Every structure is written in structure tokens, then in C-alpha cells.
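Everything below concerns the one structure shown next.
The values are calculated or read from the model by the stated rules, or taken from the named source; none is laboratory data. A quick note: this is a predicted structure, and the numbers were derived from the prediction, not measured. As a convention, Cβ positions derive from the backbone with ideal geometry for all residues, glycine included, and neighbour counts pool all protein chains shown. Just so you know, the surface numbers come from the protein's heavy atoms only, side chains and all, with ligands and any DNA or RNA stripped out. Shrake-Rupley method; radii C 1.70, N 1.55, O 1.52, S 1.80 Å.
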Amino acid sequence: MATLLDPFGRKLEYLRVSVVDSCNLRCFYCSPGESCKPRSMRGQLGREYIVRAVSAGAKAGIKKVRLTGGEPLVRKDIVDLVRDIAHIPGIEDLSLTTNGTLLKELAVPLAAAGLKRVNISLDSLDTHNFEQITCGGQLQSTLDGIEAAFAAGLTPIKINMVVMKGLNDHEVENFAKMTLHRDIHVRFIEYMPMLGQDDVWQKHYLPSSEIMALCNNVLPMESVPEEDLTGPALNFRFPEGVGLLGFITPVSQHFCANCNRLRLTSDGKIKPCLFSAEEIDLLPA
């Protein structure tokens with residue numbers, strides 16, 4: 001079996017594939033200062049190119065693939081793409097990150113095609129706050145998507161919450177309680193700075209130490225041994241809780257030393273790091 005190592009000796013086994021650039025929501029932190037009008041479809045690689053790229057990655061040592069966007073479920077051939085990737089020799093795990101708004105109708109077909117799990121981006125459990133953060137999104141559509149994912153067996157469900165001071169930090173405890181009785185992994189993500197938006201970021205940034213303190217108000221958390229899970233999250237659980245609480249700390253506690261990921265952009269470029277300007281164009285090959 002091939003092994004893909006970077007110059008720092010890190011074994012790269014995980015490929016994140018952005019299958020489309022567009023999204024049906026306009027979240028505050030993702031598109032600061034832009035119009036609420038959804039972007040048109042652009043920068044979309046053909047299915048055959050994505051499959052060829054993932055196949056080449058599998059031969060080099062990639063074992064895990066996560067499909068992202070934009071919003072990957074706006075892509076019309078997403079079920080066929082999942083089926084194609086699921087059949088690539090060497091790919092052991094295939095997951096997808098989504099805002100969940102289109103998942104109600106697609107959860108069962110995606111699971112049947114070979115998808116294993118979903119991460120669902122959800123930043124508020126309050127209808128009005130959700131609408132404000134997403135620039136007009138409907139909370140119920142995402143909640144319906146979560147239930148559809150459970151019914152289809154796309155578990156454990158991971159909920160990604162970007163915590164922003166003054167916008168949704170008052171909801172952290174309610175999100176934490178979601179892990180008490182269901183197999184839900186809630187991951188609290190530090191709000192990351194955007195280029196040219198330092199003033200906005202400083203206003204809304206909340207470090208994970210303060211997010212953890214809010215969770216401890218519900219019940220004292222206990223840590224989960226690192227060997228139980230891999231990935232960038234620091235993992236905890238409530239005593240007797242069913243799910244997990246994860247804290248992703250790109251600002252306050254870098255996890256670069258343990259990163260095992262490459263990224264394929266929606267227009268066919270490999271990014272060795274999300275924060276790097278370096279890109280390798282695959283299209284000429």
C-alpha cells in the first residue's frame with residue numbers, strides 16, 4: 001500500500017473535495033459583506049475529473065474522502081458522484097459536509113450510494129437567529145435534514161457550530177445538551193479571521209476556553225482519550241451522555257502538526273493547506 005508523506009513527515013490519508021463553489025445560503029461568516037442573493041453555479045469540475053483525481057489519490061495512499069462545497073447537495077449529480085467514489089479501491093471512508101437544507105430528500109439515496117456519515121453545519125437553534133446568520137435560511141429545513149440523516153443511518157451525526165460572540169454564543173449550552181440523549185457529536189468551531197475583516201473578527205471571536213466554560217455550565221465534561229478519535233477536535237462528553245462535544249481550535253490552539261489532509265478545490269486545484277496561497281493545478285494533467 002502506497003504512503004503519501006509531506007516534507008514534515010506527516011502521512012496524508014484524507015482528501016477534502018469541494019464539489020461545487022456555490023451555496024444556497026449566505027452565512028454571515030462565510031460571505032462577509034456580500035449580498036444575500038445566492039451565487040450562481042461556477043467553478044464546478046466534471047464528475048469524471050473528480051473521480052480520476054480521487055482515484056489517483058487512493059493509489060498514492062488517500063483512504064478518507066469528505067465532500068464539501070459551497071453546498072455539495074446543490075450539485076445535481078451528487079448521488080452519482082458519491083456512488084462513483086464509494087467504488088474506488090482503497091477509499092475506506094466517504095463522508096459529506098452540508099448545511100442540511102436539502103438532506104431530507106437526499107439522505108436515503110446518498111446512503112444507498114455509499115455515503116457513510118454527514119457533518120451538518122448549524123449555527124443556531126432559534127428560527128430568527130438562524131435566519132439572520134444565514135441571510136434568510138429556514139431552520140426547519142436543516143432540522144428535517146438531521147432527522148432524515150438519522151433515519152438513513154448516516155451516523156454519528158456531527159453538528160458543526162461556528163461560535164460567534166454576540167451572535168450565537170448564548171446558544172452554546174442548548175447545543176451541548178443535544179449530546180445528552182442522542183448519538184450526536186456537536187463540534188464548536190472558533191470563528192476564524194477573514195481577509196480584510198479583522199474588525200468584524202475581533203468583535204465576534206470567542207476562544208474555545210470560554211466555549212468550554214459555557215458547556216461545563218450544563219454538566220462537568222470529561223475528556224475522551226485521543227486514541228478513540230482522530231481529527232482536529234478536542235473531544236469531551238458529559239457523564240452518561242450518548243454523544244460527544246468537540247472543540248476545534250484553529251486560532252487559539254493550532255493543530256497543524258497532526259494535520260493529515262489535502263484539499264481539492266472545485267476548479268481542480270490541490271491546496272496543501274487551507275491557509276496557504278499555494279495551489280497545484282491538476283487540470284493540465
Roughly to the nearest percent, how much of the accessible area of segment 206-267 is carbon and sulfur, given a 1.4 Å probe?
51
Charges on Cβ only, +1 for Lys and Arg, -1 for Asp and Glu, centred on the Cα centroid of the chain; of Leu96, Cys256, Val54, which one is farthest towards the dipole's positive end?
Val54
How high is the relative contact order of segment 93-232? Use alpha-carbon pairs under 8 Å, at least six apart in sequence, and give a whole percent.
21
Angle check, please: helix 103-113 long axis (alpha carbons) against the longest principal axis of the chain (alpha carbons), in degrees 0 to 90, nearest 10.
40
Longest principal axis of the chain (C-alpha) makes with the long axis of helix 47-60 (C-alpha) an angle, in degrees to the nearest 10, of 90
Rg and Dmax in Å for segment 172-270, alpha carbons only: what are they?
15.4, 45
Counting heavy atoms of the protein chains only and a 1.4 Å probe, report the per residue accessible area for the chain as a whole number of Å².
49
Using alpha carbon centroids, what distance separates segment 66-135 and segment 141-219, in Å?
18
Give the share of C-alpha pairs in each 10 angstrom bin for the chain, from 0 to the last occupied bin, in whole percents, shortest bins first.
6, 27, 37, 25, 4, 0
Calculate one ³J(HN,Hα) per residue across segment 140-154 by plugging θ = phi - 60° into the Karplus curve 6.51 cos²θ - 1.76 cosθ + 1.60, and present them in order as whole Hz with x for glycine and proline.
4, 5, 6, 4, 5, x, 4, 5, 5, 5, 4, 5, 7, x, 7
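Compute the length gained on full extension between Arg182 and Gln140: take 0.36 nm times their separation in residues and subtract their Cα-Cα distance, giving the result in nm to one decimal. Don't skip to the answer; put the middle values down first.
Working: separation 42, 0.36 × 42 = 15.12 nm, distance 1.86 nm.
Here the answer is 13.3 nm.
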